[in-house]
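*Asks:* One structure is given below, represented as structure tokens, and several questions about it will come after.
The values are calculated or read from the model by the stated rules, or taken from the named source; none is laboratory data. Not measured: the values here are computed from a predicted model. Backbone-built Cβ (ideal geometry, glycine too); neighbour counts: all protein chains shown.
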Ligand code: V47
């Protein structure tokens, strides 16, 4: 074992919180097997052998965006080739067909559209609600929420905006748009986007209103190991605050997103390697001791690496997805669907027990496209393998 990891290993086995410097030491260590073993220990303590997936559908409603982030290959400007936006009716149709195919969740994010007004967003949520009443709507990153507050001319009223969206059907917030919280990285790679304090304020406000949310970190570009750990520590602190304030909502899942350089203004960078991906997923599990779930988003991590990641701290691999426009690993098509037998087989082959969950990590009991959740009264997942197998 790498000698620098010995005291860290002792803390992990005693269930003690790691310090920022220890997170940096983990990221800088080449001892991937020890890092994996420690993350696996922390993962099994919470989830045993359970590995979660869901039946979902992603919709990226527009790629027209007021921002021009250097890491992003998704955005387009007015009049540019390939620019698109979906109407409310199109989105409601997609939601209906997702629900008919058995989906429990629809995940909606898009660019910062310069002239759609607030009623487009509330109207779309209501239309989805009417078309597919059981579907959980996880929508709009914190960046979009701040944009909506601005276009509705109430930039200081995040609470009102979130409450209006929730009344129209919003069920929870996805984790996107966090990127890397450090200001230097912000200014070099995504200037113009909200900074960390605003991103956290949106999620805190959502938690106060009783909405659950996720968090991401976009790694493997121009950030340093210290930047990554600072980001995770800010998330950990925000979660501590949500828990001690007794908010009904909180963060459920962290999703480390590996930078995909293809087609972006940072296309000369190579992005993280597979080993870096495994290390980052493991370090998220070890540093974020107050987050229940660590997700390997297979669309970006690949299903093959996600299988291995289940032994490096991960307990969730997202879902069937269907269609994903924001990144195209290896130039893949946007039609990126995996069926349930393939997801379950991948999990089983990795030595874990596949469990279909809904957005709030309640176990789904399914009869074809029809489904129900095991009532457990909280968003917490079943704690033991025995209860979930
Ligand atoms: O916010 C954009 C990132 C995010 C690139 O909450 C890129 O369950 C890598 O947040 N390389 C959207 N990443 C995706 C997202 C997400 C995905 C899956 C599940 C959940 C969840 C959330 O994708 C953006 C941005 O951070 N992104 N461009 C890129 N070139």
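*Asks:* Given the criteria in contact (Cβ under 8 Å) with a residue 12 or more places away in the chain, within 24 Å of residue 32 (Cα to Cα), within 16 Å of the ligand (Cβ to nearest atom) and in contact with a strand residue (DSSP E or B) (Cβ under 8 Å, 6 or more places away or on another chain), does residue 281 qualify?
*Replies:* Values: in contact (Cβ under 8 Å) with a residue 12 or more places away in the chain: yes; within 24 Å of residue 32 (Cα to Cα): yes; within 16 Å of the ligand (Cβ to nearest atom): yes; in contact with a strand residue (DSSP E or B) (Cβ under 8 Å, 6 or more places away or on another chain): yes.
Judged against the criteria, residue 281 is a match.
*Asks:* Going by what's in this entry, would residue 234 be described as within 12 Å of the ligand (Cβ to nearest atom), surrounded by 16 or more Cβ atoms within 10 Å (Cβ to Cβ) and at pLDDT 95 or above?
*Replies:* Numbers: within 12 Å of the ligand (Cβ to nearest atom): no; surrounded by 16 or more Cβ atoms within 10 Å (Cβ to Cβ): yes; at pLDDT 95 or above: yes.
Answer is no for this residue.
*Asks:* Same structure again: Looking only at region 199-230, which residues are within 12 Å of the ligand (Cβ to nearest atom) and part of a helix (DSSP H, G or I)? Can you show your working first?
*Replies:* Restricting attention to region 199-230, the residues satisfying the condition of being within 12 Å of the ligand (Cβ to nearest atom) are 199, 203, 212-221.
The answer is 199, 203.
*Asks:* Within 9 Å of the ligand (Cβ to nearest atom) and either in a loop (DSSP other than H, G, I, E, B) or loosely packed, with under 15 Cβ neighbours inside 10 Å (or both), is that true of residue 264?
*Replies:* Yes.
*Asks:* If a residue has to be without any contact (Cβ under 8 Å) to a residue 60 or more places away in the chain and either within 17 Å of the chain's Cα centre (by Cα) or buried (at least 21 other Cβ atoms within 10 Å of the Cβ) (or both) to count, how many in region 190-204 make the cut?
*Replies:* Looking only at that region, the number is 5.
*Asks:* Quick one: would you say residue 147 is assigned to a helix (DSSP H, G or I), within 14 Å of the ligand (Cβ to nearest atom) and under 22 Å from residue 246 (Cα atoms)?
*Replies:* Details: assigned to a helix (DSSP H, G or I): yes; within 14 Å of the ligand (Cβ to nearest atom): yes; under 22 Å from residue 246 (Cα atoms): no.
It is false that residue 147 is assigned to a helix (DSSP H, G or I), within 14 Å of the ligand (Cβ to nearest atom) and under 22 Å from residue 246 (Cα atoms).
*Asks:* Considering only region 13-107, give the helices (runs of 4 or more DSSP H) lying wholly within it that have at least 3 residues that are surrounded by 14 or more Cβ atoms within 10 Å (Cβ to Cβ) and touching a strand residue (DSSP E or B) at 6+ places or on another chain (Cβ under 9 Å).
*Replies:* Details: elements: 20-28, 32-47, 88-100.
Where helices (runs of 4 or more DSSP H) fall fully within region 13-107 and carry at least 3 residues being surrounded by 14 or more Cβ atoms within 10 Å (Cβ to Cβ) and touching a strand residue (DSSP E or B) at 6+ places or on another chain (Cβ under 9 Å), they are 32-47, 88-100.
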